[in-house]
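Trainee: Before we start, here is the structure in question, set down as structure tokens.
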2 protein chains.
Amino acid sequence: MPGVVLPEVTTQVPGPISKASAKKLHEVFDARAVHFVVDYDKSEGNYIVDVDGNRYLDVYSQIASIPVGYNNAAMTAAARSPDVISALVNRPAVGNFPSKRWNDILRNGLLRVAPKGTNKIFTAQSGSEANELAFKASMMLWRRRERGEGVAWTKEEIESCLENAKPGSPDLAVLSFGNSFHGRGFGSLSCTRSKAVHKLDFPAFNWPKADFPALKYPLEKHAEENSAEEKRCLEQVEQLITSWHCPVTALIIEPIQAEGGDNHASPAFFQGLRDITAKHNVVFIVDEVQTGFGATGKFWAHEHWNLTSAPDIVTFSKRAQCAGYFFGNDKLVPDTAYRQFNTWIGDPARVVMSKAIVEEILDKNLVEYSANVGDKLYQELETLARDYPEHVQNLRGKGHGGFIAFDTQEPAAVVSKMKALGVNIGTCGTRTIRLRPMLIFGEEHIPILIGAFRKTFGSS
Amino acid sequence: MPGVVLPEVTTQVPGPISKASAKKLHEVFDARAVHFVVDYDKSEGNYIVDVDGNRYLDVYSQIASIPVGYNNAAMTAAARSPDVISALVNRPAVGNFPSKRWNDILRNGLLRVAPKGTNKIFTAQSGSEANELAFKASMMLWRRRERGEGVAWTKEEIESCLENAKPGSPDLAVLSFGNSFHGRGFGSLSCTRSKAVHKLDFPAFNWPKADFPALKYPLEKHAEENSAEEKRCLEQVEQLITSWHCPVTALIIEPIQAEGGDNHASPAFFQGLRDITAKHNVVFIVDEVQTGFGATGKFWAHEHWNLTSAPDIVTFSKRAQCAGYFFGNDKLVPDTAYRQFNTWIGDPARVVMSKAIVEEILDKNLVEYSANVGDKLYQELETLARDYPEHVQNLRGKGHGGFIAFDTQEPAAVVSKMKALGVNIGTCGTRTIRLRPMLIFGEEHIPILIGAFRKTFGSS
């Protein structure tokens, strides 16, 4: 672990050099969302350094996407490895011409952390793509079951699908939840329900949306009404599945709704979803794009649920630095080759980097480490919430590593003040501060983070 | 250029080691489409070497995705560069936290080859994603024009889009052509019309499909009827745009339909599309995923057309080794930030690799080089077609570098025989052999390729 470095901010944020750089960039590339321009050479561990020389403790981590720290030595070694160089220079069409090393790379990398009940993988390039591939797997399975095993496609199916018409292009749906985020492709976006800025002006499929439980915090004080709320949502899910205008082939859900405001539900709720989906032959997709790879104190967030049977598909991206989905059911492999396919099928260079991340996390016990640090951080935040009840509300994420959030009145202003104090931090939903520290965030960083919060709230 | 190496095949294809490797891989990763397993360390230039030690002249190039040869020295140097290593280790959320080098990487890389009339870029990870992003840009532009410049989104729009309902999620359409291939996402797949294996069992948007001109070869002998056919198709396009049940915000077309069978149309046809789209405010998207980066004897295939005004958007991927779209119209930048956005916005490591490819192509004049070699190859194929008229029909791609194809009776059998003779080659459409040589395919490789064809057809 890196030692205790202190944040240092000597300019306004963004600083003058960041501003000028972003302006120049904007001539050729939309730079309106730039927070600051980064000197990655000088960034290290938990600290990100901008081009004005400001150094921030980073608990936003590239929108929850940096697992083991900037310029991590093991990742640097992997980046220089022959496997990565070969994959960069000789990018294969993995489905047709895999490298002789591909099998080992998968087995000694991603498959080492395959969620319980899964033993196969399909690689992709983004969480959005991974989710759409999962939807397609569920749809092919549904139609295969309807058609009958081994039954040939009809001429009518073959011809009509080229016209985007039935029966070849059937009405099939994926159920998602209010406030969810599953990506921005036309299929994944039809399941995203968090914000208009993602969805406005784009056509969408007529797919069902269920309510995500609106739990009250602290959970232990509202057990009964929260349980009733989850029961209501489960009943709604089953009602939607059984009454929708077309078959619902999959249900997709985040273990903790992240972009939508860090919304939690109980293990019992997820077990309920597992039961309902199993009952109705609906593929249960757990979208671990933001929660996976150790973010919540377990390698996969759904391990918190102790499900009686595994999810059918688990999608991942972000901290994995590559993307794809795990699955265990052979029937989710389509009846013929080339139906789930594309030119590259992911990026082997990134999959090798992912293998290095898996090794780093497992070798250094970073999941356990971050779970412990997260518990201590949560305690400090509980004290903060008591001291600043008007600024820190609905604290949540207890027992979930650093995946912690709370509501506040003016989240954008909080982020701005925190940046000026040397903490790079993010928001989600409409009123939430979300913490997405890396797995190497240590006890020594807690006072820095809490100190900045105290200064921020104390000065409001 | 590498010297003349000869192919060498000493086993059946795939060989026993390939077969065993693919079988092992298939336990964890769908390996049914594997042609053979590759030893990329031993592959070099135009030659791909499999794990059984067989060496093939590769004119398929990872489904048209290798630009400058296996283990190209300049690409290897780029893969080892600090820029690539940093981007691999510190993968940024480019829209929020771009590297200080991002501006230079874009300007000195992809933007050096920006199609005429374009000066901005949005980066992506696949051709499919690039096309969907282009569709979204066209839809936001359409609604911005309808809504009025600077007019705020209504409460009804904001709320309804979260329900996938109108008016927030309007019916808007993208027009594509029969036999086209634009990707496999739910939006891009709605524009793909080439094969049922891509589309069957997936819901699709009700979007218009126009006929792609069915030209007769050789073109010079059928000028009049081909011209009439193109006129018919143009009229159909305008009729679809003006009568479709909802606004058509974009038209997408490949300069040469690749997966669909290497179908060509004339510059006059594309000029007609440019005129019709301009007239009806339809965004004209040229999908150069397979034709771009020098594949057709020009850097971009649409340069063959001498359009009176540039396409609105040009998408790319494959040989570029990264993906995205170029555009020139500021209005294609959405009204607010975060509407065209995602966590990574492409992969800077791959974009740096693309910069190295641009440099290699420009420094070594590889577009001109491959155009000349392509002309010579075409002449030899004309002779072949005369000698084997039953096997080589509708030869096409004259003047388009190595982007050459012909129809044959049993394409799969031809591919199989060619592999046994040491040539790795691909098919497209239903009866077409397509050549996708790298830009470094040289005159010295022509006799090897033609010789293999002669042996293949002579033995049939």
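Trainee: Limited to the range A:105-130, what total is found for residues that are in a helix (DSSP H, G or I) and not acidic (Asp, Glu)?
Mentor: Adding up the residues that qualify gives 10.
Trainee: Being out of contact with any strand residue (DSSP E or B) (no Cβ under 6 Å at 6 or more places or on another chain) and under 23 Å from B:Asn90 (Cα atoms) is the filter here; which residues of the range A:318-350 pass it?
Mentor: Once the filter is applied, which keeps residues that are out of contact with any strand residue (DSSP E or B) (no Cβ under 6 Å at 6 or more places or on another chain) and under 23 Å from B:Asn90 (Cα atoms), the range A:318-350 yields A:Lys318, A:Arg319, A:Ala320, A:Gln321, A:Cys322, A:Trp344, A:Asp347, A:Pro348, A:Ala349, A:Arg350.
Trainee: Any chance you could count how many residues in the range B:135-165 are under 35 Å from the mean Cα position of the chain (by Cα), within 28 Å of A:Ala210 (Cα to Cα) and assigned to a loop (DSSP other than H, G, I, E, B)?
Mentor: Here the count works out to 3.
Trainee: Assess whether A:Gly260 counts as being over 16 Å from the mean Cα position of the chain (by Cα), surrounded by fewer than 24 Cβ atoms within 10 Å (Cβ to Cβ) and not basic (Lys, Arg).
Mentor: Details: over 16 Å from the mean Cα position of the chain (by Cα): no; surrounded by fewer than 24 Cβ atoms within 10 Å (Cβ to Cβ): yes; not basic (Lys, Arg): yes.
For A:Gly260, the condition - over 16 Å from the mean Cα position of the chain (by Cα), surrounded by fewer than 24 Cβ atoms within 10 Å (Cβ to Cβ) and not basic (Lys, Arg) - is not met.
Trainee: Here is a further query. Considering only residues that are in contact with a Phe, Trp or Tyr (Cβ under 9 Å, 6 or more places away or on another chain), open to solvent by 10 Å² or more (accessible area, probe 1.4 Å) and part of a helix (DSSP H, G or I), which ones fall in the range A:277-295?
Mentor: A:Ala278
Trainee: Follow-up question, since we're still on this one. Can you name the residue in the range B:145-159 that is within 9 Å of chain A (Cβ to nearest Cβ) and open to solvent by 40 Å² or more (accessible area, probe 1.4 Å) and, of all such residues, is farthest from B:Thr336 (Cα to Cα)?
Mentor: Among those residues, the one meeting the criterion is B:Glu159.
Trainee: Looking only at the range B:197-235, how many residues end up being more than 29 Å from A:Arg143 (Cβ to Cβ) and open to solvent by less than 50 Å² (accessible area, probe 1.4 Å)?
Mentor: The total comes to 9.
Trainee: If we scan the range A:38-53, do we find a residue that is over 23 Å from A:Ile440 (Cα atoms) and not in a helix (DSSP H, G or I)? Don't jump to the end; show me each part of the working.
Mentor: The initial filter retains those residues of the range A:38-53 that are over 23 Å from A:Ile440 (Cα atoms), namely A:51-52.
Add one more test, that the residue is not in a helix (DSSP H, G or I), and what stays is A:51-52.
Scanning the range A:38-53, I find at least one residue that is over 23 Å from A:Ile440 (Cα atoms) and not in a helix (DSSP H, G or I), so the answer is yes.
Trainee: Report, by residue number, each residue of the range B:18-28 that is facing another protein chain (nearest Cβ under 7 Å) and either small (Gly, Ala, Ser) or under 15 Å from A:Arg339 (Cβ atoms) (or both).
Mentor: Hit for the range B:18-28 is B:Ser21, nothing else.
Trainee: What are the pairs with Cβ atoms under 6 angstrom where one residue, in the range A:124-140, is over 13 Å from A:Phe341 (Cα atoms) and the other, located anywhere, is assigned to a helix (DSSP H, G or I)? Sequence gap at least six, or different chains.
Mentor: These pairs meet every condition: A:Ser128/A:Ser188; A:Asn131/A:Ser188; A:Phe135/A:Gly187.
Trainee: Still on this structure, I have one more. Would you call A:Glu146 of a type in the set (Asp, Glu), closer than 14 Å to A:Thr249 by Cβ and in contact with a Gly (Cβ under 8 Å, 6 or more places away or on another chain)?
Mentor: Here the answer is no, as A:Glu146 does not meet what is asked.
Trainee: Consider the range B:85-104. How many of its residues are of a type outside the set (Lys, Arg), out of contact with any Leu (no Cβ under 7 Å at 6 or more places or on another chain) and in a loop (DSSP other than H, G, I, E, B)?
Mentor: Here the count works out to 7.
Trainee: OK, next. May I ask you to say which residue of B:Pro115, B:Pro98 is buried (at least 21 other Cβ atoms within 10 Å of the Cβ), more than 21 Å from the chain's Cα centre (by Cα) and not assigned by the TED database to the domain that holds B:Ala413?
Mentor: From the options B:Pro115, B:Pro98, the qualifying one is B:Pro98.
Trainee: Scan the range A:263-285 for residues that are within 19 Å of the chain's Cα centre (by Cα) and either farther than 18 Å from A:Ile313 by Cβ or modelled with pLDDT under 95 (or both) and report the count.
Mentor: 5
Each row is one residue, and each column tells you yes or no for (1) among the charged types (D, E, K, R); (2) within 24 Å of B:Ser190 (Cα to Cα); (3) touching a helix residue (DSSP H, G or I) at 6+ places or on another chain (Cβ under 7 Å).
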position: A:Ser190; (1), (2), (3): no, yes, no
position: A:Lys199; (1), (2), (3): yes, yes, yes
position: A:Asn226; (1), (2), (3): no, no, yes
position: A:Glu230; (1), (2), (3): yes, no, yes
position: A:Glu235; (1), (2), (3): yes, no, no
position: A:Glu238; (1), (2), (3): yes, no, yes
position: A:Pro255; (1), (2), (3): no, no, yes
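Trainee: Taking the range B:393-429 only, how many residues are open to solvent by 10 Å² or more (accessible area, probe 1.4 Å), in a loop (DSSP other than H, G, I, E, B) and more than 21 Å from A:Ala93 (Cβ to Cβ)?
Mentor: Of the residues in the range B:393-429, 6 are open to solvent by 10 Å² or more (accessible area, probe 1.4 Å), in a loop (DSSP other than H, G, I, E, B) and more than 21 Å from A:Ala93 (Cβ to Cβ).
Trainee: Something else now. If a residue must be open to solvent by 10 Å² or more (accessible area, probe 1.4 Å) and in contact with a Ser or Thr (Cβ under 7 Å, 6 or more places away or on another chain), how many such residues does the range A:438-460 contain?
Mentor: 0
Trainee: Another question, then. Which residue is least open to solvent (accessible area, probe 1.4 Å), if the candidates are limited to the range B:160-180 and must be among the charged types (D, E, K, R) and at the interface with chain A (Cβ under 8 Å from one of its Cβ atoms)? I'd like the intermediate steps shown before the answer.
Mentor: Kept after step one, since they are among the charged types (D, E, K, R), are these residues of the range B:160-180: B:163, B:166, B:171.
Subsequent filtering for residues that are at the interface with chain A (Cβ under 8 Å from one of its Cβ atoms) retains B:163, B:171.
Working: B:Glu163: 97, B:Asp171: 70 Å².
Taking the candidates together, the pick is B:Asp171.
Trainee: Which condition breaks for A:Ser190 when tested against (1) open to solvent by 70 Å² or more (accessible area, probe 1.4 Å); (2) within 30 Å of B:Val248 (Cβ to Cβ); (3) part of a helix (DSSP H, G or I)?
Mentor: (1)
Trainee: Here's a follow-up. Quick one: is B:Val89 crowded, with 19+ Cβ neighbours inside 10 Å, under 23 Å from B:Lys331 (Cα atoms) and touching a strand residue (DSSP E or B) at 6+ places or on another chain (Cβ under 9 Å)?
Mentor: When the stated conditions are applied, B:Val89 does not pass them.
Trainee: From the residues in the range B:101-112 that are more than 7 Å from chain A (Cβ to nearest Cβ) and under 12 Å from A:Phe29 (Cα atoms), which one is most open to solvent (accessible area, probe 1.4 Å)?
Mentor: Per the criteria, the residue is B:Asp104.
Trainee: For the range A:296-334, enumerate the residues that are open to solvent by 10 Å² or more (accessible area, probe 1.4 Å), in a loop (DSSP other than H, G, I, E, B) and more than 10 Å from chain B (Cβ to nearest Cβ).
Mentor: Selection gives A:Gly297, A:Lys298, A:Phe299, A:Asn306, A:Leu307, A:Thr308, A:Ser309, A:Ala310, A:Asp312, A:Gly328, A:Asn329.
Trainee: Quick check, is A:Ala204 within 8 Å of chain B (Cβ to nearest Cβ), of a type in the set (A, V, I, L, M, F, W, C) and in a loop (DSSP other than H, G, I, E, B)?
Mentor: Yes.
Trainee: Does any residue of the range B:72-84 turn out to be out of contact with any strand residue (DSSP E or B) (no Cβ under 6 Å at 6 or more places or on another chain), open to solvent by less than 20 Å² (accessible area, probe 1.4 Å) and part of a loop (DSSP other than H, G, I, E, B)?
Mentor: Checked against the condition, which is being out of contact with any strand residue (DSSP E or B) (no Cβ under 6 Å at 6 or more places or on another chain), open to solvent by less than 20 Å² (accessible area, probe 1.4 Å) and part of a loop (DSSP other than H, G, I, E, B), the range B:72-84 yields at least one hit.
Trainee: What is the number of the single condition among (1) within 14 Å of another protein chain (Cβ to nearest Cβ); (2) crowded, with 24+ Cβ neighbours inside 10 Å; (3) of a type in the set (Asp, Glu) that B:Glu360 does not meet?
Mentor: (2)
Trainee: Looking at the range B:41-62 only, could you name the residues that are open to solvent by less than 10 Å² (accessible area, probe 1.4 Å) and facing chain A (nearest Cβ under 8 Å)?
Mentor: Selection gives B:Ser43, B:Ile48, B:Gln62.
The values are calculated or read from the model by the stated rules, or taken from the named source; none is laboratory data. Everything numeric in this text was worked out from a predicted model, so none of it was measured. Methodologically, a virtual Cβ is constructed for each residue, glycine included, from the backbone with ideal geometry; neighbour enumeration extends over all protein chains shown. Side chains are part of the model used for accessible areas, which takes the heavy atoms of the whole protein and leaves out ligands, DNA and RNA. Shrake-Rupley method; radii C 1.70, N 1.55, O 1.52, S 1.80 Å.
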